[in-house]
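J.: Structure provided below as structure tokens; questions to follow.
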Amino acid sequence: MIIHTILGLLLLLIPAGVLYLWDKKQLTTFGIGIVRMIVQLLVLCLMFVGLFSLNNIWLSLLWLVLMAFYSSAIILWRIKASVKRFLLPVGIAQLAGTLFSGFYLLWVVLPVPSGKFVYWMIPVMALLLGHSTTMLIRGLNTYLTALKADEQQYEFQRGNGKAHLGAVMPFVRRAMQAVMAPTTANLSHTALFSIPMALGGMLLGGLAPLEAFVVMVSMTAGCVAASVIALLVSLWLCDGKLFDKLGKLTLSLAFLMTSIACQGQQPVTKYEVPAKLKDRPEQILVRTGYTTSYNRDTKNPNWVAWHLTREHTKGQNQRKQMVFTEDEDVKAPRATNNDYFNSRFDRGHMCPAGDNKWDRKAMEESFLFTNICPQNHGLNKYEWNDLEIKCREWAREYGAIDIVCGPVYDAENLRTIGRNKVHVPVAFFKVILCRKDTPKAIGFLFRNEGKKQQMQDAVRSVDEIEALTGIDFFPALDDATERRIEARARLNDW
């Protein structure tokens, strides 16, 4: 047996030789991985020999409990979640999925010979547990990461009157998709490669062909069922550790801040922020109440985006004591108050002061020139102001909306003001997204002039605004939703 083992391991000389020639750094890691695999297999085989020889169902169940909690610790370590906090609920969930599917298969489906229950129970339970471990790593990681990245969406749903279960359901759906998508995609490959190998082993072990077929089909179904049960029970049992009694997310206490999202490499998902621009200068500045893309050539923002909630439409902070201020986060030359002196243009807010009354700092930052464009006084006072008021009404009605607005230029009719040559837009766009229930979006385009313009006449689809500006709005939406809502624009839908 030892000689056969050595002869089998000799095949590893092929990949080891390749690594030695092309990537010596990986050779040590490869060797450690092989040794670890051999040790783990040896320990597992010795455990199986002991359990088979004793043939005691209670000892086998104890082994299963230990393996379930061991695998749960591996899951939590892999997704960088607190083992101390989540080991018990995830371990119980692993047991629930494995025991339910396993005993159903052993008692109802599989042709288990009399007196051989333990001989069948151990490999069946091990296979179910192994599959659900892999799937729980995917599902729980997706759930926790989505909650951390899109806490705004959860709070929006709660603030909009939804119960806790309804607010977390989109995240549960994402976790389930993360489990089912690879399982579904791999079923055909499993039938071609993995199942025939296991089927051959069963035939060599003495099972009749039809019995082996039933076992493999049933085990495949059992693996999927065990994974789904384990995920749902995990989410149910972990819920009380992720949210307080009022349904407030406490994820920051439980989720270790070492994942990509928490390291600053991937910020919290902001549905209002457009895709990165590649055809013009862009400096992203994140403020308390908005995000702006500053263009050093035009001395104006390319766009300004913000998430307007019902609560943000209220507040005690007023604009009457505020002053327009140069933004020292951008290099000179930059827009100043002197550029607007005698220009006959207003210092027009993109993210309006009226949307920032909820916070003193947010109100002050709305007066930075990186949030300002030269705007016709008539437009600023009437049509643009009317649209800002309408957006606050929609935010109160729907609970929250996402807004992006900015300037539009005419290269053939370029005009500047002031010593710093601040570009004067020929028009302004604004696009609005509502994610409540069935998502919808609408765009507006107003000429930068004092002539009266009806809001209905300014309506455009988001696709039209994208074609005009070259900006990709709402890229965080799934592609199907984005295509559907950006092609349609009806003021009556709002």
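J.: Restricting the search to the stretch 452-477, which residues are open to solvent by 90 Å² or more (accessible area, probe 1.4 Å) and more than 21 Å from Met350 (Cβ to Cβ)?
T.: Result: Lys452, Gln454, Gln456, Asp457.
J.: Still on this model: With the checklist (1) surrounded by fewer than 17 Cβ atoms within 10 Å (Cβ to Cβ); (2) of a type in the set (D, E, K, R); (3) touching a residue at least 12 places away in the same chain (Cβ under 8 Å) in hand, flag the one item Glu397 doesn't pass.
T.: It fails just one condition, (3).
J.: Please work out which residue is surrounded by the fewest Cβ atoms within 10 Å (Cβ to Cβ), limiting yourself to the stretch 106-133 and to residues that are β-branched (Val, Ile, Thr) and free of Cβ contacts under 8 Å to residues at least 12 places away in the same chain.
T.: Val108
J.: Additional query: Which of (1) touching a strand residue (DSSP E or B) at 6+ places or on another chain (Cβ under 9 Å); (2) not in a strand (DSSP E or B) does Gly443 not meet, given it meets every other one?
T.: So the condition that Gly443 fails would be (2).
J.: What are the pairs with Cβ atoms under 6 angstrom where one residue, in the stretch 455-479, is on the phi > 0 side of the Ramachandran plot and the other, located anywhere, is assigned to a strand (DSSP E or B) and open to solvent by less than 40 Å² (accessible area, probe 1.4 Å)? Sequence gap at least six, or different chains.
T.: Phe474/Leu433
J.: Also: Residue check: is Lys436 among the basic types (Lys, Arg), closer than 19 Å to Arg490 by Cβ and in contact (Cβ under 8 Å) with a residue 24 or more places away in the chain?
T.: Answer is yes for this residue.
J.: If you don't mind, there's one more thing I want to ask. Name, by its number, the condition in (1) on the phi > 0 side of the Ramachandran plot; (2) more than 37 Å from the chain's Cα centre (by Cα) that does not hold for Asp339.
T.: Unmet for Asp339, out of (1) on the phi > 0 side of the Ramachandran plot; (2) more than 37 Å from the chain's Cα centre (by Cα): (1).
J.: Then there's this: Please go through the stretch 1-58 and give me each residue that is charged (D, E, K, R) and either closer than 26 Å to Pro123 by Cα or not in a helix (DSSP H, G or I) (or both), ordered by number.
T.: Once the filter is applied, which keeps residues that are charged (D, E, K, R) and either closer than 26 Å to Pro123 by Cα or not in a helix (DSSP H, G or I) (or both), the stretch 1-58 yields Asp23, Arg36.
J.: Follow-up. When Asn380 is evaluated against the numbered criteria (1) in a strand (DSSP E or B); (2) open to solvent by less than 80 Å² (accessible area, probe 1.4 Å), which criterion, by number, is the only one it fails?
T.: (1)
J.: When you go through Asp339, Asp297 one by one, which is the residue that is within 25 Å of Glu449 (Cα to Cα), open to solvent by less than 70 Å² (accessible area, probe 1.4 Å) and of a type in the set (Asp, Glu)?
T.: Asp339
J.: Shifting gears a bit: Among (1) over 35 Å from the mean Cα position of the chain (by Cα); (2) buried (at least 22 other Cβ atoms within 10 Å of the Cβ); (3) of a type in the set (Val, Ile, Thr), where does Thr370 come up short?
T.: The one condition Thr370 does not meet is (1).
J.: Are any residues in the stretch 221-246 part of a helix (DSSP H, G or I), open to solvent by 40 Å² or more (accessible area, probe 1.4 Å) and modelled with pLDDT under 85, and if so, which ones?
T.: Residues satisfying the conditions are Gly240, Lys241.
J.: Just one of Ala81, Ala73 is modelled with pLDDT of 90 or more, open to solvent by less than 90 Å² (accessible area, probe 1.4 Å) and under 37 Å from the mean Cα position of the chain (by Cα); which is it?
T.: Answer to the selection: Ala73.
J.: Moving to a separate point now. Kindly list the number of the only condition in (1) under 25 Å from Asn300 (Cα atoms); (2) surrounded by 13 or more Cβ atoms within 10 Å (Cβ to Cβ); (3) among the acidic types (Asp, Glu) that fails for Glu482.
T.: Failed condition: (1).
The values are calculated or read from the model by the stated rules, or taken from the named source; none is laboratory data. What you see is a predicted model, and the numbers here were worked out from it, not measured in a lab. All Cβ positions, even for glycine, are placed from backbone atoms using ideal geometry, and neighbour counts span all protein chains on display. Surface areas here come from the heavy atoms of the whole protein model, side chains and all, with no ligands, DNA or RNA. Shrake-Rupley method; radii C 1.70, N 1.55, O 1.52, S 1.80 Å.
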